[in-house]
């Protein structure tokens, strides 16, 4: 086996009123890539709440991500990350509702 180190600093936040705490979770100088799927977050209002919470950030959106994205979708996200100098990924989904 090869020697390696792996760090996966993923934090999942669930629950009513949690969107408002996003500014405490994201570094103030972050360039945020907002990732989401088919658009249910726009239907149930989560999108508007997230955009309001991120009003002081530079945000680039990448929507329409399927549940099990193909490699090409991931490459497109990577391209955006590089082109836009993204420093923070925020994945939001809305199927849990509000």
> If one takes the longest principal axis of the Cα atoms in the chain, at what angle in degrees, from 0 to 90 and to the nearest 10, does the Cα axis of helix 71-83 lie?
Replying inline: 80
> Using alpha-carbon pairs under 8 Å, 6+ residues apart, how would you state the relative contact order of the chain in percent?
Replying inline: 40
> In the set (i) 12.6, 38; (ii) 14.5, 48; (iii) 18.6, 51, which value of Rg and Dmax of the Cα atoms in Å was calculated from the structure you see?
Replying inline: (ii)
> Where the centre of each part is set by its Cα atoms, how far does segment 1-39 sit from segment 51-91, in angstrom?
Replying inline: 12
> In what sequence, highest mean first, do 2-15, 45-58 appear when ranked by Cβ atoms within 10 angstrom?
Replying inline: 45-58, 2-15
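Each reported figure results from applying straightforward, stated rules to the coordinates on display, with no laboratory input. Everything numeric here is computed off the predicted structure, so don't read it as measured data. Don't worry about glycine lacking a Cβ; one is built from the backbone with ideal geometry, like all the others, and counts go over all protein chains shown.
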